[in-house]
Structure formats: C-alpha cells, structure tokens
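Okay, structure first, notes after.
What follows draws every value from the coordinates through simple rules; no lab data is involved. Keep in mind it's a predicted model, so treat the numbers as computed, not measured.
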Amino acid sequence: MKIEEIASMGDLLLELFLRKRESGSLVWKTKEGKTIPIKDLSDNHLISIIRMIDRKNEEGWNYLEALGSIGDADI
C-alpha cells in the first residue's frame, strides 16, 4: 500500500528552491564579482562560504538571518 502525504507550504518552498538551483538561476557572487551557479559550487567553495558567513556573523553581520528568508523570495 502506497502512503501519500499532503505537501506543506515548507515542502513547496523547498521544491521551488530546488528547481531554481537545478536550473542554474541561483548564483553565488564572489568578492571579485564573478557569479557561479550554486549547483556548480565545489565542496571547497561551500566550506569557504560557510566559514565566511560564520566570520561575518561573529562580526555582527546578519547573514544567517538573510539566508533564512530564501523560501520567501520570488514566489
């Protein structure tokens, strides 16, 4: 027997994000101004970005709060 689950708003927002990511339309902009589709970021890129966000957060920047709003953007 197949069990179905009704999608929540969170599920739909995540699906939208994943589709944008896979299409290449979501990009990371480097400090040099180069853009890289997030789907193409290497593990080293991701580690560097996480470390940069942690450093900026310790300095009082609100990067983590901004990242939490991904699901609300461009719906």
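Where Rh denotes the Kirkwood radius from the mean inverse Cα pair distance, what is Rg over Rh for the stretch 5-54?
So for the stretch 5-54, dividing Rg by the Kirkwood Rh gives 1.09.
Would you list, by chain and number, the lysines whose Cα falls below 24 Å from the Cα of Lys56, excluding same-chain residues fewer than 8 positions away?
Lys29, Lys31, Lys34, Lys39
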